[in-house]
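Read through the structure below, which is laid out as structure tokens, and then see the notes.
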Amino acid sequence: MPLLLLLLLLLSTLLPTAVPLPPRPPVQCGGGGGAGAGCLLSNAYGAWSSDRADCSVAAVAYPVSEADVVSAVAGASAKNMPVKVVSGFAHTIPKLACPGNGSSAVPSLLISTARYDGVAVDGVARTVTADAGAPLRAVIDAAEASGLSLMAAPYWEGVSVGGLVSTGSHGSSWWGRGGAVHDHVVGLSLVVPTGAADGWAKVMALQKGDALFNAAVVSLGLLGVVSKVTLALEPRFKRSISYDYRDDSTFQDDFANHAASHQFADITWYPSQHQAVYRIDDRMPLNATGDGVNDFIGFQSTLIAVSSGIRALETALEASRNVKGKCKMAAAEIAAKRLVGNGLRGGLLFTGYPVVGFQGRMQTSGSCAHSPSNDPLRACPWDPRFRGLFFYESTAVFSPARFRDFVLDVKRLRDLNPDNMCDVDAYNGLLVRFVKTSEAYLGQPEDSVVVDFNYYRASDPSSPRLNQDVWEEVEQLAFVKHGARPHWAKNRLVAFRSVQGKYPGWAKFAGAKRQLDPRGLFDSRWSDEVVAGKDHLPKADGCALDGRCICSADRHCSPRKGYYCRPGLVYSEARVCRYSVSQLI
């Protein structure tokens, strides 16, 4: 099995087949109209974390200018309608973009920035100003063409500027201004609702240092519509990247030194393999030799037959409770990534480390996100149209001291049975990145360590997962025992419990919200769940299976299928859904 998977992965990434199929638009309207009734909003994965239902909206606006944005907000404001914003990508996992209660029967407005995508570089000021819907790739390319570079960017480039800033998206760096993109924002304009005397909406131009700036940069779409964003740039530079594969025995003690030693450092931890991969990633001068590209293997277009085949294999292993099969998948995935340099290449192929290239080609990737073709042979591997990969993504943000203790706890859990950790290693292990202290009220209040991990999600929300208890315990170790903060655009709902108390700037943000949106037009049931920690539904049977609750009774799991609510194995205060052949165990 591992050899077969390895060959499939390599075939998918190396064969020069047809150009891939682009992702579907997140908004689908009946009759082909952009602003007609009966529109549905979904995210790029085909399922939200809050629930799996598409969001129904009464009307959709597609502005092409800031004046259009003002007009759309004013129309909603005059009618007291709920309003939300979505980009042309919609990779947010919580249902933050859904207005009102998600029913088209209740008047609401969705503003799509898909056609509002201008980019302008000021070479003298070393800034770039982008409309909210501008793709990150377009901003990076415009900066590089002007002899400048954007220092910080998330690893996935299939996002809009407005969306990535609003949700606190980031790369990895404790150096300079740090790895979070919003900490490189020097100005933005925000369209907010007003009363009739001010035409029902107005533009607020905010600069760094203004009273409302720190609320607006990471606003989660709750203050109004981010219309334009101005980012600081630097003189163009190159980067050098190498991956160093090590035993993970000292990982918990040397992560901080690694972050301090390399400007763009990260670490990928594969706990089942007892392995940590250190990314040695540093700035280089423009005259450094190399024209490399970072085309991360997980973000490349994949043959649809391969991604759907891997998903079918995963599902079969889940159904047969085949833990060893999952471990073979993990070993094959890691071997494939190592063989092709995780998608780094110096030319057409990976030929060895270090790989050196321009910042704009090395800092982020996502070639499957912006293909112009309609040839249906390849697509993003998670494209829901083709029954490909389907997964949860948990992202926890730690203080460095608490992160060390978290790693030791996960190691204790791993050492009980390393095979039980193979599920996450079959994706991308635990990706460890570094984000600097931010002045944004909903940014990170200290230099932080960010951990991302993906793992299998069942197609049926009532189906339990193999080793479900392990990842629920890891989740509770992070967010409950060690007080980690959740990434705003990722995570299952359970990660957002008590979230306001984890952000010292919350009260100031709430004050800005009362000032800018006193009627709550930009609130929704789902933003209340994430930001306010409100659960509108009682604990239902099976609610723990999809991360809507932490179990407190067997019925919150799946007793009919042998999953019962039990204490954690390492963290005894955790409550997890564990498989048992007997209800008494």
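The values are calculated or read from the model by the stated rules, or taken from the named source; none is laboratory data. Every value quoted in this text rests on a predicted model; they were computed, and no experiment measured them. All Cβ positions, even for glycine, are placed from backbone atoms using ideal geometry, and neighbour counts span all protein chains on display. Side chains are part of the model used for accessible areas, which takes the heavy atoms of the whole protein and leaves out ligands, DNA and RNA. Shrake-Rupley method; radii C 1.70, N 1.55, O 1.52, S 1.80 Å.
Annotations
- Cα centroid of the stretch 397-473 to Cα centroid of the stretch 262-336, whole Å: 16 Å
- Estimated FRET transfer efficiency (Ala260, Glu573; beta-carbon r; R0 51 Å; 0.05): 0.90
- Relative to the compact-globule estimate of 2.2 N^0.38 Å, the Cα radius of gyration of the stretch 401-501 comes out at 1.13.
- For the stretch 205-214, Karplus couplings with θ = phi - 60° (6.51, -1.76, 1.60), whole Hz, Gly/Pro x: 8, 10, 10, 4, x, 5, 4, 9, 4, 5
- Using the empirical formula 2.2 N^0.38 Å as the baseline, the Cα radius of gyration of the chain reaches a ratio of 0.93.
- Extension gain, Gln207 to Ala145, is 19.8 nm, computed as 0.36 nm per intervening residue step minus the present C-alpha separation.
- On the chain, 56 percent of the accessible area sits on carbon and sulfur atoms, based on a 1.4 Å probe.
- Rounded to whole Hz, the Karplus (6.51, -1.76, 1.60) HN-Hα couplings of the stretch 554-566, x for glycine and proline: 4, 5, 6, 9, 8, x, 4, 9, x, 10, 10, 6, 9
- Remark: accessible surface ordering of Leu416, Leu348, Leu212 (largest first) is Leu348, Leu416, Leu212, probe radius 1.4 Å.
- Mean accessible surface per residue for the stretch 61-177, computed with a 1.4 Å probe while every protein chain stays in place, in Å²: 32 Å²
- For the stretch 315-442, alpha-carbon Rg over 2.2 N^0.38 Å: 1.32
- Longest site-free stretch - the chain; sites: GluC sites (Glu not before Pro), DSSP loop, at most 16 other Cβ within 10 Å: 1-438
- Measuring between their Cα centroids, the stretch 513-566 and the stretch 116-146 lie 39 Å from each other.
- For the stretch 219-339, the solvent-accessible area with a 1.4 angstrom probe is 35 square angstrom per residue.
- 222 nm mean residue ellipticity, helices alone, for the chain (DSSP H n ≥ 4; -39,500 (n - 2.57); rounded to 500): -7000 deg cm²/dmol
- Lys490, Lys337, ranked by accessible area, largest first (probe 1.4 Å): Lys490, Lys337
- Directionally averaged projected area (convex hull, Cα atoms, the stretch 544-585), nm²: 2.9 nm²
- Placing unit charges on each Cβ (+1 for Lys and Arg, -1 for Asp and Glu) gives the chain a dipole about its Cα centre, and among Met151, Ala369, Leu110 the Cα reaching farthest toward its positive end belongs to Leu110.
- Scanning residues 5 or more positions from Val86 or on other chains, those with amide H under 5 Å from its amide H are Ile111, Ser112, Thr113, with H placed 1.01 Å from N in the peptide plane.
- In a DSSP loop and with at most 12 other Cβ atoms within 10 Å, the trypsin sites (Lys or Arg not before Pro) in the stretch 493-543 are Arg519, Lys534.
- Only Lys, Arg, Asp and Glu carry charge here, each on its Cβ (+1 for the first two, -1 for the last two); on that basis the chain has a dipole of about 740 debye about its Cα centre.
- ³J(HN,Hα), Karplus 6.51/-1.76/1.60, whole Hz, each residue of the stretch 400-416, x for Gly, Pro: x, 5, 6, 5, 4, 5, 4, 4, 5, 5, 5, 5, 4, 5, 4, 5, 5
- Amide H within-cut-off set for Asp447, under 5 Å, with H built and near neighbours excluded: Thr437
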